[in-house]
Amino acid sequence: MAELATIARPYADALFKAQASDLAGTAAWLDELAAIAENAQLQQFVDSPKVSDAQAFELISGLLRAALPEAGKNFLQLVIENSRLSALPVVAQQYRALVNAQSGTADAVVYSPFPIDASALADLSSTLEKRFARKLNVSVELDASLIGGICVVVGDEVLDTSVKAQLEQMKSALTA
């Protein structure tokens, strides 16, 4: 994985510097490209020696919900020409980290066994921002294995208040 991070860093840095006027817009289309690039069948197709760079570009462009801006088209062509499509998810992750560092925010993923409505998420966001002492971009992912409670991941920090974690703690205490 370190190899992909090393490959992705110059792409993320260059994109961050070149798109300084539209960081949020760039993040949106880059995240969409990264989601498409994660598909194993697409990777296999693009890596085939029988597929030209133009065919790969057309296929990926056709999968997008909205047309790419000119900078996005140029970036995608560069990534395809250099056979770096597999690094796109890591490029997007590093780009997001650069944007967050500039704005003083962090991404937070809340894992919950049940959907969280908008008002509860707003309350949870403000509580988490106080707990982690920074502005957070909160997203929710469902994980039924938690049974109850939530697990919050902010960078390398984890706040786990789930029933599953509590049961694991009890198990450890009883077997120790």
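Within the range 49-61, residues that are farther than 14 Å from residue 83 by Cβ reach partners that are open to solvent by 50 Å² or more (accessible area, probe 1.4 Å) and modelled with pLDDT under 95 with beta carbons closer than 8 Å, at six or more positions or on different chains, in the pairs 59/45; 61/67. Scanning the range 156-176 for residues that are open to solvent by less than 70 Å² (accessible area, probe 1.4 Å) and in a loop (DSSP other than H, G, I, E, B) yields a total of 2. Scan the range 21-60 for residues that are open to solvent by less than 70 Å² (accessible area, probe 1.4 Å), of a type in the set (Gly, Ala, Ser) and closer than 23 Å to residue 70 by Cβ and the total you get is 9.
Residues that are open to solvent by less than 10 Å² (accessible area, probe 1.4 Å) and not hydrophobic (A, V, I, L, M, F, W, C) within the range 61-117 comprise 72, 95, 112, listed in sequence order.
The values are calculated or read from the model by the stated rules, or taken from the named source; none is laboratory data. Fair warning: this is a prediction, and the values are worked out from it, not measured in the lab. Here the Cβ is made from the backbone with ideal geometry for all residues, glycine too, and neighbour counts use every protein chain on show. Note: areas computed on protein heavy atoms with side chains; ligands, DNA, RNA excluded. Shrake-Rupley method; radii C 1.70, N 1.55, O 1.52, S 1.80 Å.
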